[in-house]
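Taking it in order: structure first as structure tokens, then the write-up.
What follows is calculated from the coordinates using simple rules that are stated; it is not laboratory data. Just so you know, these numbers come straight off a predicted model, no measurement behind them. Positions of Cβ are generated from backbone atoms using ideal geometry, with glycine treated the same way; all protein chains shown enter the neighbour counts.
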Amino acid sequence: MREAPIGVFDSGVGGLSVLAEIQRLLPDETLLYVADCGNVPYGEKTPEFIRQRCSVMASFFQRQGAKALVLACNTATVAGVAELRRDYPQWPIVGMEPAVKPAAAATRSGVVGVLATTGTLQSAKFAALLDRFAADVRVITQPCPGLVELIEGGDLHSPALCKLLQGYVQPLLDAGCDTIILGCTHYPFLKPLLKQMIPGHISLIDTGAAVARQLQRLLAERELLAPGPARAAQFWSSADPKHFSNILPLLWNSAGVVRSFDL
């Protein structure tokens, strides 16, 4: 089982930011990645629909012989991780959540901003994170409709994207935020652009590296860390695999073969 692959999925290409952190920390692990691009963005879908997609993904990775599962999507984690942990107790399962705790600890101004999807910001889990970790800070939330769709198209710096992103960031700056949480796995790809928009003293925080560390810890507990060497990562997309193949070199460290995921 130690040589078995790790299954990772997201509503689209955003989870590649998490996949990169996993590969960086665990280079001996073989990775499988499914982008549910045919249903992106999850942030606008119902919890019932998202739970159904989570179940489909888990079943697929089980057939692929995976030894662990990573939900590289905040919205999918909110909707589906509890049921997956119930249905697949044999797996270490790692989900995502906005980095409220480290942001609350890092802020000096006492004002934290959150860029996220509507689904994440409206969830009970996000509200619970605020209650638990952000009682002593002011949190400014900013839903970001449209960003995921542009990133899915491979757009990381067009004038249209810059204008949209600036409109979402400016209210956080005006409110005095000195720490901004990137609450969607797509948004780390916008870090270079964001750093041009914000003063140098403002911190950008995402949770990809923390997810990789948690995965490492759970695999070590179960003596499932791979001895290596890793096999090449495999990719699937529920939309046009050619489109995913075209933007993969932009968002991943290399090109790769993308197969069709038609479940």
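Could you check the spin-label model distance between Asp262 and Ala4? Points 7 Å from the Cα along Cα→Cβ, value in nm.
2.8 nm
For a quick check: sort Ile205, Ile247 by the number of other beta carbons within 10 angstrom, fewest at the front. It would help to have the intermediate numbers written out before the result.
Numbers: Ile205 21, Ile247 18.
Least crowded to most crowded, the residues run Ile247, Ile205.
Determine which lysines satisfy two conditions relative to Lys195: a Cα distance under 29 Å, and not lying fewer than 8 residues away in the same chain.
Lys101, Lys125, Lys163
Could you work out, for the stretch 100-205, what percent of all Cα-Cα pairs fall into each 5 Å distance bin, beginning at 0 Å and stopping at the bin that holds the largest distance?
2, 13, 25, 26, 19, 11, 4, 1
Need one number: nm distance between label points at Lys191 and Glu48, each 7 Å from Cα along Cα→Cβ, rounded to one decimal.
Result: 3.9 nm between the two label points.
Work out the FRET efficiency for Arg222 and Asn253 from their Cβ-Cβ distance, taking R0 = 30 Å, and round it to the nearest 0.05.
Numbers: r = 28 Å, r/R0 = 0.92.
Approximately 0.60, to the nearest 0.05.
Tell me, in nm to one decimal, what length is gained between Ala106 and Lys125 on full extension, where the rule is 0.36 nm per residue of separation less the Cα-Cα distance?
Values: separation 19, 0.36 × 19 = 6.84 nm, distance 2.12 nm.
Gain in length upon complete extension: 4.7 nm.
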